[in-house]
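Following: one structure in structure tokens, then a few remarks.
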Amino acid sequence: MAGRNEHAGLESVSVTTLDKVLHDSGFKQLDLLILDLEGMELAALRGLGKHRPRIIIVETRSTDALAISDLMLNMGYVCVGNLSKFNPIDSPNWTKDHQDFGWCKHDDIDAIQELANL
């Protein structure tokens, strides 16, 4: 396979949903969720069930930006803004394929203000 590191071992890992983790832990509410999953953010967001964090910060790759935006809007979130604001001048090693966006529940004015002030 081209580009594969022959020295890296492959390992199977189990996966679960955020809802199951929160249910099993007894948490009733999650205030902040930060997703930086190297391209798996959309799949993780699709796994959100009834537990909806107040604030979600998502590393968003160009290839998934529209799908992530559509999903977040349909779940009742609003985009507060681009939190990373990566650019080639300030971040010369930036790969130009992602930004970090902050989302809040549309009716949570306090969360929106908190995130907007970051």
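The values are calculated or read from the model by the stated rules, or taken from the named source; none is laboratory data. Since this is a predicted model, take the numbers as computed values, not measurements. Because the Cβ atoms are built from the backbone with ideal geometry, glycine has one as well, and the counts that use them run over all protein chains shown. What goes into the accessible areas is simple: the full protein's heavy atoms, side chains included, and nothing from ligands, DNA or RNA. Shrake-Rupley method; radii C 1.70, N 1.55, O 1.52, S 1.80 Å.
Quick look at the numbers
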{"read-out": "Residue satisfying all of: in segment 43-83; within 12 Å of the chain's Cα centre (by Cα) and charged (D, E, K, R); least open to solvent (accessible area, probe 1.4 Å) among these", "value": "Glu59"}
{"read-out": "Enumeration of residues in segment 69-118 that are farther than 22 Å from Arg46 by Cα and of a type in the set (Ser, Thr, Tyr)", "value": "Ser84, Ser91, Thr95"}
{"read-out": "Enumeration of residues in segment 101-113 that are touching a residue at least 24 places away in the same chain (Cβ under 8 Å), of a type outside the set (Gly, Ala, Ser) and part of a helix (DSSP H, G or I)", "value": "Ile112"}
{"read-out": "Counted residues, segment 84-118 - those being crowded, with 16+ Cβ neighbours inside 10 Å and in contact with a helix residue (DSSP H, G or I) (Cβ under 6 Å, 6 or more places away or on another chain)", "value": "3"}
{"read-out": "Identity of the residue in segment 17-42, acidic (Asp, Glu), touching a strand residue (DSSP E or B) at 6+ places or on another chain (Cβ under 9 Å) and open to solvent by 70 Å² or more (accessible area, probe 1.4 Å), that ends up nearest to Ser84 (Cα to Cα)", "value": "Asp36"}
